[in-house]
Amino acid sequence: MSKSPKGRPAGTPAAAPESSKPQFFELATEDDGDALTVAVDDITPNPFNDRDLGDITQLAESIDRDGLLQDIVVMHTSAFAEFHPEQAASITTKYVLAFGERRWRAHMHLGRDTISAILRNDTAGKIRRVLFTENHHRKQLSPIEEARNFWVLKNEFGLSHREIVKECLLNHPNHVTRRLQLLELPPALQEIVATEEGPGVTMARNIGQQLAEPDEQLRAWELIRDEGLNLKQAVDRIRNADLESPRSAPAAEPSGEQESVPQGNTTRPAELKQSAVPQGNITAGADDGSPAVAKSQPTARKTVAAADRSAAERNNASADRDEACRQLIGNDTKLTAEQHDALFGRTLLAPMQQGAARSRAHRWLRDAGRAGFDIGDTDSYFEAVLSSGQADLVNRVAVATALAAGEVRARDGRRQWDKTDAEHVRLLIESTGYVPETAWERAQLDKFGVPYPGASAEPDPEPIH
């Protein structure tokens with residue numbers, strides 16, 4: 001770190017001479033816990049609060065109608081500057097906000113001159129960590145966002161795993177360890193963990209434990225997602241491709257010397273796609289120990305082709321159901337009491353990816369013009385809906401989210417369908433007239449005894465890729 005001429009770290013403001021310190025640096029007679037009435041212009045927002053505040057219009061209307069039900073919390077700028085001199089260097093107000101920025105901004109929105117506040121200088125030393133943890137609880141974090149938060153708590157605040165568990169009110173210290181393991185994955189895979197396009201948390205961790213190279217980890221997920229392989233089959237396919245690839249052999253130099261090539265980095269994803277033999281189908285080797293790969297290749301190709309066809313039909317069925325869900329939401333279709341109860345029963349009792357379901361429901365509602373609020377951020381949108389007091393809107397969003405939870409679950413290619421998925425499709429059939437067109441989806445409905453229109457007609461002859 002570069003130093004100033006007197007050895008002070010660069011960027012750290014020098015202490016102001018006593019005569020030049022603003023008057024507000026003096027604590028005066030105000031003590032911790034005092035209830036104050038503070039001018040809104042005499043408060044600076046906390047520089048550590050990076051929360052998306054969302055739309056404050058409805059909060060302002062609530063305060064205008066019912067008054068401020070909970071005071072904000074402030075610190076003297078002098079107390080804040082003692083612990084955070086770099087952030088305090090440009091602050092020219094007497095107070096720094098500790099908690100309650102949405103309430104403070106709502107007062108400014110209403111044109112109010114003052115706001116009720118509680119003084120808490122004792123929070124100055126820990127305010128960054130407290131705000132960080134508070135926002136961790138408030139937001140519906142994805143597993144990767146949670147992992148990044150844990151990383152900050154561990155590496156910037158110095159908390160142990162057990163301290164993070166206590167701070168974040170978690171159930172088990174292993175939760176922190178498992179989340180942090182996700183940060184060892186390549187960024188491209190991190191970004192899709194627990195989304196509609198990516199692996200679940202456990203699958204992602206297992207991929208990272210089985211394969212060390214980023215390219216191999218990404219390719220493993222592609223094989224699992226696109227060809228319906230399990231993790232062992234995908235890992236075997238990748239390792240076999242490395243062994244068979246000419247690039248994995250040491251290259252002979254003109255001088256006769258050989259240069260060692262790291263094997264884990266020699267095969268790119270595009271090349272791996274050309275390997276045709278899944279290891280689960282290779283027959284036993286000959287007596288001399290050589291594998292009988294040639295004899296097993298035709299069967300392997302047929303297996304891969306069948307898997308490709310099944311995966312394509314499943315994707316097509318998912319796209320068809322997505323349109324049916326959009327139709328149900330766009331037409332504001334009213335469910336019967338029995339359908340409504342069954343929908344929410346499935347959502348509450350079956351495992352669900354809540355973040356993916358909320359994002360999908362939010363997109364459906366916005367695309368259909370049924371969202372009620374023009375808010376792009378999903379978390380802020382749901383917060384606005386919950387605080388809106390509009391029962392019809394809350395119910396509409398809840399139904400859309402429950403429907404999206406069922407669809408996210410049904411389209412997850414890593415799992416086999418069960419009765420819950422078939423009942424999800426039954427709801428679409430009964431409420432929108434949805435007609436399953438693929439042989440794959442029809443076979444699933446037949447398995448669980450769910451009738452569907454067009455059962456006697458031929459399904460789509462070929463999957464559309």
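What residue, of Glu86, Glu101, is of a type in the set (Asp, Glu) and more than 32 Å from the chain's Cα centre (by Cα)?
Glu86
Just one of (1) open to solvent by less than 10 Å² (accessible area, probe 1.4 Å); (2) of a type in the set (A, V, I, L, M); (3) closer than 16 Å to Val425 by Cα trips up Ala319, so point out which.
(1)
Examine region 449-461 for a residue that is part of a loop (DSSP other than H, G, I, E, B), open to solvent by 20 Å² or more (accessible area, probe 1.4 Å), free of Cβ contacts under 8 Å to residues at least 24 places away in the same chain and among the aliphatic types (A, V, I, L, M), and state whether such a residue exists.
Among the residues of region 449-461, at least one is part of a loop (DSSP other than H, G, I, E, B), open to solvent by 20 Å² or more (accessible area, probe 1.4 Å), free of Cβ contacts under 8 Å to residues at least 24 places away in the same chain and among the aliphatic types (A, V, I, L, M), which makes the answer yes.
Go through region 408-422 and give me each residue that's in a helix (DSSP H, G or I) and either surrounded by fewer than 17 Cβ atoms within 10 Å (Cβ to Cβ) or at pLDDT below 85 (or both).
If the condition is that a residue be in a helix (DSSP H, G or I) and either surrounded by fewer than 17 Cβ atoms within 10 Å (Cβ to Cβ) or at pLDDT below 85 (or both), then Lys419 is the only one that fits.
Listed residues Glu61, Glu82, Glu101; which is of a type outside the set (Lys, Arg), in contact with a Pro (Cβ under 8 Å, 6 or more places away or on another chain) and at pLDDT below 95?
Glu101
Failed condition for Ala241, given (1) crowded, with 19+ Cβ neighbours inside 10 Å; (2) modelled with pLDDT of 85 or more, with all others met?
(2)
Suppose the filter is touching a residue at least 24 places away in the same chain (Cβ under 8 Å), part of a helix (DSSP H, G or I), among the aliphatic types (A, V, I, L, M) and within 23 Å of Ala371 (Cα to Cα); does Ala404 pass it?
yes
Name every residue in region 175-210 that is over 14 Å from the mean Cα position of the chain (by Cα) and within 18 Å of Arg411 (Cβ to Cβ), in order of residue number.
Met203
Suppose we keep only residues that are open to solvent by 50 Å² or more (accessible area, probe 1.4 Å) and not charged (D, E, K, R) within region 322-343. Which one would you say is nearest to Glu407 (Cα to Cα)?
Once the filter is applied, the top-ranked residue is Gln327.
Among the residues of region 90-128, write down those that are open to solvent by less than 70 Å² (accessible area, probe 1.4 Å) and without any contact (Cβ under 8 Å) to a residue 24 or more places away in the chain.
Selection gives Gly111 alone.
Which of the residues belonging to region 55-81 are touching a Gly at 6+ places or on another chain (Cβ under 8 Å) and either open to solvent by less than 10 Å² (accessible area, probe 1.4 Å) or among the charged types (D, E, K, R) (or both)?
Result: Asp71, Ile72.
State the number of residues belonging to region 359-385 that are in contact (Cβ under 8 Å) with a residue 12 or more places away in the chain and part of a helix (DSSP H, G or I).
Of the residues in region 359-385, 15 are in contact (Cβ under 8 Å) with a residue 12 or more places away in the chain and part of a helix (DSSP H, G or I).
For residues that are polar (S, T, N, Q) and within 19 Å of Gln416 (Cα to Cα), scanning just region 177-205, find the one that is surrounded by the most Cβ atoms within 10 Å (Cβ to Cβ).
That would be Thr195.
The values are calculated or read from the model by the stated rules, or taken from the named source; none is laboratory data. Note that the structure is predicted; figures quoted are calculated from it, not measured. Glycine gets a Cβ as well: all are built from the backbone with ideal geometry, and neighbour counts include every protein chain shown. All accessible areas refer to the heavy atoms of the entire protein, side chains included, with ligands and DNA or RNA removed. Shrake-Rupley method; radii C 1.70, N 1.55, O 1.52, S 1.80 Å.
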